[in-house]
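Asks: Take this structure first; my questions come after.
The values are calculated or read from the model by the stated rules, or taken from the named source; none is laboratory data. Predicted model only: the values in this text are computed from it and were never measured. Cβ sites come from the backbone with ideal geometry, for glycine too, and all protein chains shown count toward neighbours.
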Amino acid sequence: MKICRTVEETRAAVAALKTGGKRLGFVPTMGALHDGHMSLVTLAREVTDFVAVSIFVNPTQFGEDTDLQNYPRNEARDLAMLQAAGVDVVFLPEVETIYPPGHETIVETTRLANILHGAVRPGHFRGVTSVVTRLFNIVQPDVAVFGEKDYQQLQVIKRMVADLHVPVTILGGPTRREADGLAMSSRNARLTDADRAAAVVLSKALNAAADLAQTGTSVAAIRALIEAIIASEPRASLKGLDTVTPDTLEPVEGPLTQPLAVMLSVQFSDILLIDQKVIQP
Ligand code: PAF
């Protein structure tokens, strides 16, 4: 496994792999890797010849400095996991490598970045598209894989790639879950034992919504059911519930006649957890 810290090293490593029409898969991460990330690596490997992973805690997508400072980092453990998974190239840049002195270029999807989660985290998705564009230009993958759990992020990146004619195929990787249904996330490790036990309520609410959707129902009834299930857990506080079209993320109302993306954010003490499910009528 080749570990690269500069743009030049990364481009040289990738060029050496991509000879003879070989295709490169790419999984951008912010480290603190868990099985959810590794399933994205597995998916990238299934559809390409080589896999590159980046580990970069991107400052431009964080709101509060404390969130950035508190973000978990464990380079040695991450590298051991990537080595064991047979990853070919790891890109581990410094902030100044990604954002050179004097940088001033941003990339933003103007609507998708500023609705739903983007409305409560101003600048977050602009930070994501700005860093992903830079990473794509450095790593030059054929395919890039992003988790479906960060559902709005996946749609924002698909839009950006389509709008800018970026020659990278974007794939969504299904959400990996703990045995009780909790979506895997770097944040889970920061939950207290009591909050960790209570956090199962997110997947419980989404599964109940999917069951209700099969019975011929309305979006209002689905929302009411989810709200009631989250309210039944005293440690949980519902922060966001969006019921939208799966690709353009526009609000859906009335009888459920089309697939519906349900995006949920729930707070436990100071930790915000998100989960999502596309449910079918
Ligand atoms: O999903 C993440 O971990 C980050 O938002 C990403 C895509 C690596 C960009 O920093």
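Asks: Is it true that some residue in the stretch 154-163 is at negative phi and more than 16 Å from the ligand (Cβ to nearest atom)?
Replies: yes
Asks: Name the residue that is surrounded by the fewest Cβ atoms within 10 Å (Cβ to Cβ), counting only residues in the stretch 118-151 that are among the small types (Gly, Ala, Ser) and without any contact (Cβ under 8 Å) to a residue 40 or more places away in the chain.
Replies: Checked the stretch 118-151; the qualifying residue surrounded by the fewest Cβ atoms within 10 Å (Cβ to Cβ) is 119.
Asks: Any residue at all in the stretch 73-87 that's at pLDDT below 95 and either under 19 Å from residue 124 (Cα atoms) or of a type in the set (Lys, Arg) (or both)? Give the derivation first.
Replies: Filtering the stretch 73-87 for residues at pLDDT below 95 gives 73-74.
Now restrict to residues that are either under 19 Å from residue 124 (Cα atoms) or of a type in the set (Lys, Arg) (or both): 73.
Within the stretch 73-87 (the criterion being at pLDDT below 95 and either under 19 Å from residue 124 (Cα atoms) or of a type in the set (Lys, Arg) (or both)), the answer is yes, since at least one residue qualifies.
Asks: Still on this structure: Which of the residues that make up the stretch 23-79 are of a type in the set (Val, Ile, Thr), over 24 Å from residue 177 (Cα atoms) and in contact (Cβ under 8 Å) with a residue 24 or more places away in the chain?
Replies: Those that are of a type in the set (Val, Ile, Thr), over 24 Å from residue 177 (Cα atoms) and in contact (Cβ under 8 Å) with a residue 24 or more places away in the chain: 48, 60.
Asks: May I pose another question? Identify, from the list 90, 57, the residue that is surrounded by fewer than 19 Cβ atoms within 10 Å (Cβ to Cβ), modelled with pLDDT of 95 or more, β-branched (Val, Ile, Thr) and under 15 Å from residue 31 (Cβ atoms).
Replies: Residue meeting the stated conditions: 57.
Asks: Still on this model: For the stretch 18-37, how many residues meet the condition of being part of a helix (DSSP H, G or I) and either under 13 Å from the mean Cα position of the chain (by Cα) or buried (at least 19 other Cβ atoms within 10 Å of the Cβ) (or both)?
Replies: Number satisfying all stated conditions: 2.
Asks: Consider residue 43 carefully, then state whether it is more than 14 Å from the ligand (Cβ to nearest atom), at pLDDT 95 or above, part of a helix (DSSP H, G or I) and within 15 Å of residue 173 (Cβ to Cβ).
Replies: So residue 43 passes the test.
Asks: For residues that are near the ligand (Cβ under 10 Å from one of its atoms), out of contact with any Phe, Trp or Tyr (no Cβ under 9 Å at 6 or more places or on another chain) and not aliphatic (A, V, I, L, M), scanning just the stretch 123-153, find the one that is farthest from residue 10 (Cα to Cα).
Replies: Here the residue is 149.
Asks: What number of residues within the stretch 201-226 satisfy the criterion of being within 18 Å of residue 180 (Cα to Cα) and surrounded by fewer than 17 Cβ atoms within 10 Å (Cβ to Cβ)?
Replies: Final tally of qualifying residues: 4.
Asks: Any idea which residue in the stretch 53-79 is farthest from residue 146 (Cα to Cα), counting only those that are within 13 Å of the ligand (Cβ to nearest atom), among the hydrophobic types (A, V, I, L, M, F, W, C) and not in a loop (DSSP other than H, G, I, E, B)?
Replies: 68
Asks: Which residue out of 106, 115 is more than 12 Å from the ligand (Cβ to nearest atom), in contact (Cβ under 8 Å) with a residue 24 or more places away in the chain, in contact with a Ser or Thr (Cβ under 7 Å, 6 or more places away or on another chain) and not acidic (Asp, Glu)? Spell out the reasoning first.
Replies: Details: 115 fails: in contact with a Ser or Thr (Cβ under 7 Å, 6 or more places away or on another chain).
Selected residue: 106, the only one of 106, 115 that is more than 12 Å from the ligand (Cβ to nearest atom), in contact (Cβ under 8 Å) with a residue 24 or more places away in the chain, in contact with a Ser or Thr (Cβ under 7 Å, 6 or more places away or on another chain) and not acidic (Asp, Glu).
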